[in-house]
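The values are calculated or read from the model by the stated rules, or taken from the named source; none is laboratory data. None of these values were measured; they are calculated from a predicted model. Neighbour counts run over all protein chains shown; Cβ positions are idealised from the backbone, glycine included.
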Amino acid sequence: MDNFPVLTDHILIFIYGIVIPFFSGVKGRENFDEIVFTENLRRRFYLANSAFLGVAAGVILLTWWLYSRPFEALGFRLPVAGVKFKWAIIIGIVLGIAYIFDLIYSIRKAKSDPEAAAEADAGTPFLPHHVRELPAYIILSISAGIFEEIMYRG
């Protein structure tokens, strides 16, 4: 590609790779101990992070489109529908379902053992505590995998 990298790419790397992580780390650390993660706040946290990642990946895709770069270089191409591809899809679905069941099991176990729940909450208060939070959490999990990959490759 003749038009890669350009000044725009360097600016995006500076913003996404240095500025945002720095300020997020500094401000996040200051406020993290004061935040009380309620069910509603956790859902908003998941959806806001998903939206941020979507916008950041959208800027990358827009940059690639404006510079007429091939999206195949970002990994956007149709997979070859062979036996390996089918098994990869099946394994991915099975692992995804197993992860959801593990989340549900952990949530229910935490409800039955308040002491273990308090200990887990102290280390990771932003993880889901109720089954009602799972849809937003799953959206974050999927969007993080896709959008972070676009940001990394772009």
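Some values worked out for this structure:
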read-out: Contacts under 7 angstrom Cβ, first residue in segment 130-145 being touching a residue at least 24 places away in the same chain (Cβ under 8 Å), partner basic (Lys, Arg), 6 or more apart; value: Glu133/Arg42; Glu133/Arg43; Ala136/Arg43
read-out: Tally of residues being more than 21 Å from Asn49 (Cβ to Cβ) and surrounded by 11 or more Cβ atoms within 10 Å (Cβ to Cβ) across segment 93-107; value: 1
read-out: Residue in segment 44-67 that is in a loop (DSSP other than H, G, I, E, B) and either more than 14 Å from Phe147 (Cα to Cα) or in contact (Cβ under 8 Å) with a residue 60 or more places away in the chain (or both) present; value: yes
read-out: Segment 109-133: number of residues that are outside any loop (DSSP other than H, G, I, E, B), more than 17 Å from the chain's Cα centre (by Cα), at pLDDT 80 or above and surrounded by 11 or more Cβ atoms within 10 Å (Cβ to Cβ); value: 2
read-out: Residue within segment 42-60 that is among the hydrophobic types (A, V, I, L, M, F, W, C), within 25 Å of Ile138 (Cα to Cα) and over 17 Å from the mean Cα position of the chain (by Cα) present; value: no
read-out: Residue that is nearest to Glu148 (Cα to Cα), among those in segment 68-119 that are of a type in the set (S, T, N, Q) and free of Cβ contacts under 8 Å to residues at least 60 places away in the same chain; value: Ser106
read-out: Count of segment 68-87 residues which are part of a loop (DSSP other than H, G, I, E, B) and either surrounded by fewer than 13 Cβ atoms within 10 Å (Cβ to Cβ) or polar (S, T, N, Q) (or both); value: 10
read-out: Flag for Phe37 being surrounded by 13 or more Cβ atoms within 10 Å (Cβ to Cβ), within 19 Å of Leu127 (Cβ to Cβ) and more than 18 Å from the chain's Cα centre (by Cα); value: yes
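Quick grid of which residues meet (1) out of contact with any His (no Cβ under 7 Å at 6 or more places or on another chain); (2) within 30 Å of Leu12 (Cα to Cα); (3) modelled with pLDDT under 90:
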site	(1), (2), (3)
Tyr46	yes, yes, no
Ser50	yes, yes, no
Val55	yes, yes, no
Val59	yes, yes, no
Leu78	yes, yes, yes
Ala81	yes, no, yes
Ala88	yes, no, yes
Ile91	yes, no, no
